[in-house]
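The values are calculated or read from the model by the stated rules, or taken from the named source; none is laboratory data. Please read these numbers as outputs of a predicted model, since none were measured by experiment. Cβ sites come from the backbone with ideal geometry, for glycine too, and all protein chains shown count toward neighbours. Each accessible area value is taken on the protein alone, full model and side chains, heavy atoms only, with ligands, DNA and RNA left out. Shrake-Rupley method; radii C 1.70, N 1.55, O 1.52, S 1.80 Å.
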Amino acid sequence: IGVLGSGDFARSLAIRLVCSGFKVVVGSRNPRRKAGLFPSAAEVTLQAEAVKKTDVIFVAVFREHYSTLCDLADVLVGKILVDVSNNTEINHHKESNAEYLASLFPACTVVKGFNVVSAWTLQSGARDGNKQVLICSNNQEAKRTVAEIAQVMGFTPVDMGCMSSASEIENIPLRLLPAWKIPIFLALGLFLCFFTYNLIRQVIHPYIREQKNKLYKIPIEVVNTTLPCVAYVMLSLVYLPGVLAACSQLYYGTKYRRFPDWLDQWLQHRKQIGLLSFFCAALHAVYSFCLPMRRSHRYQLIETAVKQAVEKKMSIWVEEEVWRMEIYLSVGIIALGLLSLLAITSLPSIANSLNWREFSFIQSTLGFIALVISTLHTLTYGWSRAFDENQYKFYLPPTYTLTLLVPCTVILAKVIFNLPCIQQRLQRIRRGWEKGRYVKFVLPSATGEYSSGETSSNV
């Protein structure tokens, strides 16, 4: 295998090829100076010599340096060139780098591939990174050759078609978290809404009604009140699209009707929404742990102790409050543990070690249990305070009462779907049964002749 170039990617590529058992010849303009960068098993020589000795050549140079290879056009005839380059911007050029390389060397067969694999993945092995290698070319035999090389290196080749797909392949490494944009904006939107709501209740209300300055609550207390609201609602939004999809299937009586685009996109983003829910819940746990460390909390403890001494109270123990906090913290810890399990099993390295039934049990059954326990966590936090008129600042209900709307709707829908009559109908639909579908039947008549007709599958 030949490698043209002496940069980081070329060096990582040579290391991986050597570890995979290939004989590697590296072509460089300064072989003596670059030889020490490559493994000793790889031969480092001039570019022309490297091209002569190999049939498959990885072109690991930038697009703007392709013209420096034109002097090698005669010795490159009939060779397979693997273009591994990427651009700095999406659709930076009218034609892809691979198509441009093919136009410079029409006597060669160009294959686009390995551009979505990082240099770190090449050095550490496919087990530590994305195993897929996207490949495209107009020559099937050349694609098959490069695919075999990728398989020997431990990667999974994916045929992306002809050379016209090269532009799309080159754009993939340049996209910044494409599947995370909608969930992140959703989380930020919820955070801003709940943060503003809590700011009005905890800071603005005491300032207007009692002329008390509560601005110190903003960095920790207001944020800590907002984070669990976002985590709780985001967790319910993971399972709400499944409820809507089941309602659609029950209403139309078929699983073959396409969901609306917004619901389809929602279903595809459930993993990201769930991970953001876990992130907010983890931050909430850290913030809650730091609450007693605040200077304001210490002042409040001293103030309470002084008031108790002045009023000569020997004990301020409230049995109900003690039990409420014990249950509240215990249920919250269990909910966070289940969310951690859901987040860990969503990682590809862990998910690949589970069969479908195990993965479905964790993500679906345990996920729903996590939602129920999170609801108990919220209810024990509110306890009977939801019925205290002093909790309604500016006639606004406590924040946790608002967060219960969506999760309780999901839980109620799940309970209804588990009723035998509805569950059986939903299972039949998901196994291919359709409402209003007609089937042919043939019955013998009294004279012995057969007559045909139709009946509804509902009957």
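Candidate cross-link partners of residue 393 among the lysines, defined by an alpha-carbon separation under 23 Å and a same-chain spacing of 8 or more, comprise 212, 214, 217. Using the 1.4 Å probe convention, the accessible area of the chain works out to 58 Å² per residue with neighbouring protein chains retained.
Taking label points 7 Å from Cα along the Cα-to-Cβ direction, residue 35 and residue 330 give a separation of 7.3 nm.
The distance separating the Cα centre of the stretch 278-294 from that of the stretch 174-234 comes to 14 Å. Ranked from largest, the principal axis spans of the Cα set of the chain equal 98, 95, 37 Å. The charge dipole of the stretch 252-395, taken about the Cα centre with unit charges on the Cβ atoms of Lys, Arg (+1) and Asp, Glu (-1), comes to about 340 debye, rounded to the nearest 20. The stretch 343-360 and the stretch 407-427 have Cα centres separated by 25 Å.
Taking Cα centre as origin and charging only the Cβ of basic (Lys, Arg, +1) and acidic (Asp, Glu, -1) residues, the dipole magnitude of the chain rounds to 740 debye.
Of the solvent-accessible surface of the stretch 209-351, computed with a 1.4 Å probe over protein heavy atoms with every protein chain present, carbon and sulfur atoms account for 66 percent. Positive end of the dipole of the chain (Cβ unit charges, origin at the Cα centre): among 86, 256, 167, the Cα lying farthest that way belongs to 256.
Only lysine pairs 8 or more places apart, or on different chains, with alpha-carbon atoms under 23 angstrom apart are counted in the stretch 2-174, and they number 21.
When you filter the chymotrypsin sites (Phe, Trp or Tyr not before Pro) in the stretch 341-397 for DSSP loop state and at most 15 other Cβ atoms inside 10 Å of their Cβ, you are left with 392, 394, 395.
Backbone phi angles across the stretch 195-201, fed through the Karplus curve with coefficients 6.51, -1.76 and 1.60 (θ = phi - 60°), yield HN-Hα couplings of 5, 4, 4, 5, 4, 5, 6 Hz in residue order; Gly and Pro are listed as x. Modelled spin-label separation between residue 208 and residue 386, with each label point placed 7 Å from Cα along the Cα-to-Cβ direction: 2.6 nm.
Considering every alpha-carbon pair of the stretch 2-174, the percent of pairs per 5 Å bin, from zero through the bin containing the longest distance, is 1, 9, 19, 23, 23, 16, 7, 1, 0.
The modelled label-to-label distance for the pair residue 428/residue 245, using points 7 Å beyond Cα in the direction of Cβ, is 2.2 nm. Ligands, DNA and RNA left out, the accessible area of the stretch 18-124 computed with a 1.4 Å probe is 51% carbon and sulfur.
The DSSP beta bridges internal to the chain are antiparallel in roughly 30% of cases. Rounded to the nearest 10 degrees, the inclination of helix 8-19 to the longest alpha-carbon principal axis of the chain is 80 degrees.
Packing order of peptides 259-266, 281-288, highest average first: 281-288, 259-266 (average count of other Cβ atoms within 10 Å over each peptide's residues).
Report summary: the helix-based calculation at 222 nm, which adds -39500 (n - 2.57) for every DSSP H run with n ≥ 4 and divides by the residues of the chain, gives -16000 deg cm²/dmol.
Angle of helix 420-430 to the longest C-alpha principal axis of the chain, folded into 0 to 90 degrees and rounded to 10: 20°.
Annotation: extensible slack from residue 259 through residue 350 equals 29.8 nm (criterion: 0.36 nm per residue apart, minus Cα-Cα distance). For the chain, excluding the exposed loop sites themselves (trypsin sites (Lys or Arg not before Pro), DSSP loop, at most 13 other Cβ atoms within 10 Å), the longest remaining stretch covers 314-430. Computed from Cα positions, the angle between helix 223-252 and the longest principal axis of the chain comes to roughly 70 degrees. Computed from the Cβ-Cβ distance with R0 of 41 Å, the FRET efficiency linking residue 319 to residue 296 stands at 0.90. Look at where the Cα atoms of the stretch 90-108 and of the stretch 14-55 average out, and the two centres are 25 Å apart. The 3J(HN,Hα) values that the Karplus relation (6.51, -1.76, 1.60; θ = phi - 60°) gives for the stretch 55-69 are, in residue order, 10, 10, 10, 8, 8, 9, 10, 6, 4, 5, 9, 4, 5, 6, 8 Hz. Gly and Pro appear as x.
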